[in-house]
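Below is one structure, written out as structure tokens, with a few remarks after it.
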Amino acid sequence: MDAAVRALVWKRAAHRCEYCQLHQLDADFFSFHVEHIVAKQHFGSDDADNLCLACAECNLAKGPNLSGRIGNRIYPLFDPRKQKWKRHFHWDHTILVGKTLTGRVTVQVLNMNAPARVMLRENLFFEGRFPPD
């Protein structure tokens, strides 16, 4: 993937994780990743339409997953290129809540409300830097 595509992904995301909305400046030591929404092993491409910006926590939890399970049913993960974030998620103070089944399964698979992640959002809240606009 070339530098121009990487720069496009960073700019389009406004330096925020497209899953949990964390800003790169608020991330603790790790640089964000340009992430394949559909992994190459599932025949995803390096086209900008298949790429998003993801914090290390979201990207590592997502891995090559395309879906998750709630009960006995499989639901697709949120796709930042094809879906609107506000349709699938909302903030309940510092807890990310899935509004749809896709949102719920994405929160679950990406472990978006892990204690350390909620604590970071609490700290950002008290500093006036959370929730994101």
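Each value in this text was obtained by applying a stated rule to the coordinates, not by laboratory testing. Nothing here was measured: the structure is a model prediction, and the numbers come from that model. FYI the Cβ positions are ideal-geometry reconstructions off the backbone, even for glycines, and counts take in every protein chain you see.
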Problem set entry | Cα Rg, Dmax, segment 70-133, angstrom units | 12.6, 41
Seminar exercise, completed: Neighbours of Gln83 by Cβ distance under 12 Å: Lys/Arg at +1, Asp/Glu at -1, summed charge +4
Exercise. Exposure proxy check: Asp46, Asp2 ranked by fewest other beta carbons within 10 Å?
Worked result: Asp2, Asp46
Exercise. When N is the residue count of segment 3-126, what does its C-alpha Rg come to as a fraction of 2.2 N^0.38 Å?
Worked result: 1.02
Exercise. In the chain, how many lysine pairs have Cα atoms under 17 Å apart, counting only pairs 8 or more places apart or on different chains?
Worked result: 4
Exercise. What range in the chain is the longest one free of trypsin sites (Lys or Arg not before Pro) that are in a loop by DSSP and have at most 13 other Cβ atoms within 10 angstrom?
Worked result: 1-81
For this session: Sum -39500 (n - 2.57) across every DSSP H segment of at least 4 residues in the chain, then divide by the residue count to get the 222 nm mean residue ellipticity, nearest 500.
Result: -8500 deg cm²/dmol
Seminar exercise, completed: For Ser31, Ser45, ascending order of other Cβ atoms within 10 Å (fewest first) is Ser31, Ser45
For this session: Please identify every one of the chymotrypsin sites (Phe, Trp or Tyr not before Pro) in segment 1-55 that sits in a loop by DSSP and has no more than 16 other beta carbons within 10 Å of its own beta carbon.
Result: Phe29, Phe30, Phe43
